[in-house]
Protein chains: 4
Amino acid sequence: MKFRVSAKVGFEVFSPSTVLLNVQPFPTGNQIIEEEFFSASPMVPVKEFFSTAGEKRFSILEVPEPGFITFSYAATVQNAMRIIPAEGLNDVPIAHMPVSVLPYLNPSRYCQSDRLYKLAAHKFGHIDHGFERVIAIRDWIYDNVEYRSGYTSAQTSAFDTITEQVGVCRDFAHLGIALCRALTIPARYFTGYAYQLQPPDFHACFEAYLGGHWVLFDASKLVPLNGLIKIATGTDATETAFASSFGNLRFQTLEVSATLLEGDFRAVDASSTTQGYSFS
Amino acid sequence: MKFRVSAKVGFEVFSPSTVLLNVQPFPTGNQIIEEEFFSASPMVPVKEFFSTAGEKRFSILEVPEPGFITFSYAATVQNAMRIIPAEGLNDVPIAHMPVSVLPYLNPSRYCQSDRLYKLAAHKFGHIDHGFERVIAIRDWIYDNVEYRSGYTSAQTSAFDTITEQVGVCRDFAHLGIALCRALTIPARYFTGYAYQLQPPDFHACFEAYLGGHWVLFDASKLVPLNGLIKIATGTDATETAFASSFGNLRFQTLEVSATLLEGDFRAVDASSTTQGYSFS
Amino acid sequence: MKFRVSAKVGFEVFSPSTVLLNVQPFPTGNQIIEEEFFSASPMVPVKEFFSTAGEKRFSILEVPEPGFITFSYAATVQNAMRIIPAEGLNDVPIAHMPVSVLPYLNPSRYCQSDRLYKLAAHKFGHIDHGFERVIAIRDWIYDNVEYRSGYTSAQTSAFDTITEQVGVCRDFAHLGIALCRALTIPARYFTGYAYQLQPPDFHACFEAYLGGHWVLFDASKLVPLNGLIKIATGTDATETAFASSFGNLRFQTLEVSATLLEGDFRAVDASSTTQGYSFS
Amino acid sequence: MKFRVSAKVGFEVFSPSTVLLNVQPFPTGNQIIEEEFFSASPMVPVKEFFSTAGEKRFSILEVPEPGFITFSYAATVQNAMRIIPAEGLNDVPIAHMPVSVLPYLNPSRYCQSDRLYKLAAHKFGHIDHGFERVIAIRDWIYDNVEYRSGYTSAQTSAFDTITEQVGVCRDFAHLGIALCRALTIPARYFTGYAYQLQPPDFHACFEAYLGGHWVLFDASKLVPLNGLIKIATGTDATETAFASSFGNLRFQTLEVSATLLEGDFRAVDASSTTQGYSFS
């Protein structure tokens, strides 16, 4: 399928500042960026990077003058996630994991897996098969955590959400990650554009490392998985913010869109228990 | 100077388990590993890696049978940290930082810099020069945080220590890192062998990115900086544990030593305010 | 002086519910309630109480039917806080404190004084005289904590505010209380109507027990102390909420007012360092 | 039955200090203190009080000189807890609760019931009868929280224990209290001597207000309920510490004992689901 995605980010700048933008889809074996456009108004110097932490592209923009500035990005993305039957998605023994996967077993700012060992073992430890264990995590979150805006903040972490049981996609993802890591399943944060998400916004999910693949799970079940366009993965929300700013400036506006350009969209089930979806 | 370092780590193993050991010094431009010995008793399969997260080497050991197992490591290390005058150690603008340095601006499990912005700005924001700002951080921690064992735990974080003002080298390092990051200075956790540390143990410090160098600071001022032999750097203690174990096993014993083999040891001052020391 | 105070609280009720209202001024030696009016629309059974925890009056209202309900309260209050010169406001030795004062040395939900001992001793421990120590606490909070709405939540505590340094009157009061208790000065939460507060609302301050008196301090310095009409005191915000509801209902509206009826209002200085103000 | 209880508490004192001791059994309708002995060595001035917060007796001791000091207490206590059939132990509507019971609905330092609403409702909200709901809470804690010394600290709270699932009697009690309050059941902390507790120590449980009685529950199920001799009840551990000290002194030793003097001890089942036990 082919999607058109776009993002427009505006700041009010009070003194020379620097902005890191992370809104560009990440090219993978099954996600091809066909064309993309980026502009800043007024124009400022831009440097583009691939990150060594997580998988993301980002742009560093230096804003030399006070005033309002808007960054606009748009791309056409061809994507076809890989479908993998559940049987193939079992746990990978530690000693067989690639070195690059091991950091995703560690606790992180918002995913304190080190405090969830017993709880995770009690709730999910009896499930033998890796994929089924993560499915059970996804479904427990979906069944018990209320999706509600405005209650959680930028400081809410998995340790809060496991008890307070309310949050947004970011909180759902952090909790999924923390529970996986507590069970020795590497897990990471995923951000992307999301076709059919209402209201339009970036979306957050999580990926678990099973059977040698990074498999995508959405504990909020808000959108079809095959309508997601990957922007970035990282340890948690700290590594994948769509914008980080340094200096004296204030975030003003964000507009995000994802539309279908070509192809017949047959939604895959965010609740599937028989197959996994992967960008890698 | 030339040091002899050694570590012996023992576990009681109850079922097949995996251990990640991170006790080997890391080779840098000014730290040369001349020879090293590693053995496990009983013998088990070992794989050795360089990590992509942080800078470290580690070994993955698969322990197939229950029983007691001991890992022994020893090395001869030649090292001569680089000395850099304070003038050259100012802040690096974001847009000029290498991409690999940027992740060290993010908050992490034990270093919640996102919650320390105002406090850090109030206490240290008025100091113009980067090196002087980190010196002020180091000295504030040294002056206000009591070095005491047994009070903090594996869950203690910089957010706790800034208020509770008690801890060990790990807590001192986490607080230094969090305060630096809150002021937009990249900072990372450092672990190493430490000549003259009493009682003998691994030691933790922090590095701040100034003037294009990772400069070492020890807020505990427990040992001379030039008696440190670098094992690893990472976002915080989560990435640099000397041993991580998976399976059913129990940590039993740890013996660490660092002795001077050759050279005349002239201790550099852990309180220096005129020059920085760096492994890179 | 004579004030007219009023409060109007509205709920949408979905099933039979119970509401505890705590909006009535508390009579003290220097605060006389001359007349008061209370009504519920529609009418519901009301029971009125004096509380044994803290000092407050409250009403229990049983709402038997779904629908909208509004509680209206108004009173005329004559008040003249006692003015006590600083010299008389020194620490009271533990063994001479009334038993009813001792609980206000304990940590509470939002005032974790047990985690602030070292910090409080470092910052304020060198000040000899009790009143001066609390003045220093009040002024440190005023100077370092930014008054800003919408950042903190019902879960923000003194342990958060001491580091995050932002909040509203409730957070300022909790921090003042926690710091006093950490220095063995009994302290409690104060809520009241506040003449000249913009926008009109209830206000929160704290009281410290000095020289045998409960002396009022406002670390936010938002209003003149002698324009305050006391509603309640308690361990912290948990004991003094203006409304607590049980059942299936939703808080809708709150209107608060405090106007001067008689007398010439000469504002006393919320920053006074020479005299204390007390309701007892 | 008749018990002999004793406690011996020692401190090393470095400068004039004050100690609050709370080791004396509390007289209730079914707990009679027949005789008691108290001594301090060396002798110091002692004042004895009944507290207005919670139900406890305590002694304030002023230690004028540096040195070692030991407080010894012993008593003979006749007690016979009231047994109440489960049917009579249903929830009391808010509007029918005595005013003195209402504060035990509030969150407190170690029992953050305000953060447990959803979790408590999910796990226990479907159980209709009050006593059965608290039994379910008690049994969930017993089944899921590991009783282990040395893991938790004086700062561990119910919000930690619900997730970390490890602790001692204090932590078990705090969690029971927090879950009850989250379900609008008043609950309070109970401390006492405990016959048959090994090793001998004070014990902590919790009481829930059901059917007009304060009913005792022990989620640790460590001892028979009818071997408990009540010392104090309060909002949580902050109000019921066996010793609080002010000044420059260090806690040294504690010896506690509880022996049966007369009567045939027929242990009641700490797991009973058909009847409640109460001191009131």
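The values are calculated or read from the model by the stated rules, or taken from the named source; none is laboratory data. Only a predicted model underlies this, so the values are computations on that prediction, with no experimental measurement involved. Cβ sites come from the backbone with ideal geometry, for glycine too, and all protein chains shown count toward neighbours. SASA here: full protein model, heavy atoms, side chains in, ligands and nucleic acids out. Shrake-Rupley method; radii C 1.70, N 1.55, O 1.52, S 1.80 Å.
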Per GNM of chain C with C-alpha springs under 10 angstrom, the most fluctuating residue out of C:Q252, C:Q31, C:Q78 is C:Q252
re the range B:128-196: pairs of Cα atoms spaced beyond 21 Å account for a percent value of 24
Ignoring ligands and nucleic acids, B:K118 exposes an accessible area, probe 1.4 Å, in Å² to the nearest 10, of 60
Bounding extents of chain C in its principal axis frame from Cα atoms, largest first in Å, are 58, 41, 36
Over 20 Å (Cα to Cα) among D:K123/D:K230; B:K8/B:K47; C:K2/C:K221; C:K56/D:K56; C:K8/C:K47; A:K2/A:K230 -> D:K123/D:K230; C:K2/C:K221; C:K56/D:K56
Counting only DSSP loop positions in the range A:137-202, the trypsin sites (Lys or Arg not before Pro) whose Cβ has at most 13 other Cβ atoms within 10 Å are A:R148
Magnitude of the Cβ-charge dipole (Lys and Arg +1, Asp and Glu -1) of the protein assembly as shown about the Cα centre, nearest 20 debye, reported as 0
Chains C and B: accessible area buried, summed over both chains, 1.4 Å probe, nearest 100 Å², reads 1400
Whole-percent tail of the Cα-Cα distance distribution for the range A:82-240, cut at 26 Å, equals 18
One residue of chain C has its C-beta nearest the axis rotating C onto A; that residue and its distance in whole Å are C:S153, 4
Computed over the range D:32-86, the distribution of all Cα-Cα distances in 10 Å bins, rounded to whole %, is 17, 37, 29, 11, 5, 1
Which of A:D143, A:D171, A:D236 fluctuates most in a GNM of chain A (C-alpha springs under 10 Å)? That residue is A:D143
Relative contact order in percent for the range C:82-240 (Cα pairs under 8 Å, 6+ apart) equals 27
Within the protein assembly as shown, the percent of DSSP beta bridges that are antiparallel, given to the nearest 5, stands at 95
For the range A:53-145, Rg(Cα) over 2.2 N^0.38 Å is 1.61
Candidates C:Y189, C:Y147, C:Y110; GNM for chain C (alpha-carbon contacts under 10 Å) flags as most fluctuating C:Y147
Label model pair A:N248, A:A95: point-to-point distance (7 angstrom along the Cα→beta-carbon line) in nm is 5.9
Kirkwood-based Rg/Rh on the Cα set of the protein assembly as shown evaluates to 0.97
